[in-house]
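Nothing in this text is a laboratory measurement; each read-out follows from the coordinates by a stated rule. These figures come from a predicted structure and were not determined experimentally. Cβ coordinates were reconstructed from backbone atoms using ideal geometry, including for glycine residues, and neighbour counts include every protein chain displayed.
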Amino acid sequence: MSDRHTHGPGQDSHGHHHDHAHPHAHPHGHAHPSPGLRHRLTHLLTPHSHETADKLDPALESSARGLRALWVSLGVLGATALAQAVVVALSGSVALLGDTVHNAADALTAVPLGIAFVLGRRAATRRFTYGYGRAEDLAGLAIVLTIAASAAFAAWAAVGRLLDPRPVEHLPAVAVAALVGFVGNEWVARYRIRVGREIGSAALVADGLHARTDGFTSLAVLLGAGGAALGWQLADPLVGLAITAAITLVLRDAAREVFRRVMDAVDPALVDRAERAVRAVPGVREVGELRLRWIGHRLRAELAVVVDGEVSVREAHAIAVEAEHALLHAVPRLTAALVHADPAPVPGETDPHLALAHHLTA
């Protein structure tokens, strides 16, 4: 059963944007708000129509939150790195130098990620038909490379000091700088990770993990200062090597997170939730192929549903819209769904998709 419908671009009373026109499928660009008390009350008190309404697009709102998190953390980490750099110049601590470089690199990763958030807010074009959300994934790759570069620099500085040991001066100042680094980084890490998970940004979460590692490396600097105060001259470069190892661990986690996003990986539990929601829709006999993918910090869905082959085009369309509606409520951060309605097979009927078989690849 195929159905065709065309709506002018608009939003319903819940910010669901529609732009439909396809013989079989139903591409619905939806900006669906994050679930919360305000949204549930609005859903109960507002008639659920599909007419144009002046509502703030939650996808744009999430980009704005991401930008705000970046600039706030940039300011905090920039001030932290500057304070530490002054102490590095006075003390000559390579452990603190490695921590300072890592903090500065972490602050600077806000630049490509900020550019990605700005690009992601641009409308789709005839060339970039899915929009510019993938810029966020490219920024994630830049963050991973930055973490790798900071690890290499920290290792180089630590090995150099092992080969040419020097005393660390102004140890109390080094200890204070290390504490400042820990507090600043942990605050930024919590902020970035929380906002990144709320808006679905893997790159921002990776950046938060990067900041968290900086916090723990700052504590390692504190241990190095304590060792140097006790007369152990090699404590500072050895802590520098420990910092390198810690950076390498966060590099692994961040790279895995970004790699999965680039490869369109999603949580399998999210797919199960989507299938359950669609199967519960009246008129849906079965759910066929279901695909979810991230584009930046927004999700898109494509699926086929099996309906009674005797229903009218309008009835099949209504079932598809209701399936889409169920998805929007079941899947957080879903902003678009394309639903294809297939007629239930009957004995002796030729599969209507056979004409496409020779186009499919194994």
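Key figures for this structure:
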{"item": "Alpha-carbon spread of the stretch 59-128, three principal axes, descending order, Å", "result": "56, 22, 12"}
{"item": "Centroid-to-centroid separation of the stretch 69-92 and the stretch 233-312 [C-alpha atoms, Å]", "result": "34 Å"}
{"item": "Between the stretch 120-175 and the stretch 316-362, the Cα center-to-center distance that results, in Å", "result": "43 Å"}
{"item": "The stretch 203-336, Rg to Rh (Cα coordinates; Rh as Kirkwood inverse mean 1/r)", "result": "1.34"}
{"item": "Potential extension, Glu169-Val72 segment - 0.36 nm per residue separation minus Cα distance", "result": "31.7 nm"}
{"item": "Mean projection area, nm², convex hull over Cα of the stretch 58-262", "result": "10.6 nm²"}
{"item": "Most to least packed among 211-217, 293-299 [average Cβ atoms within 10 Å]", "result": "211-217, 293-299"}
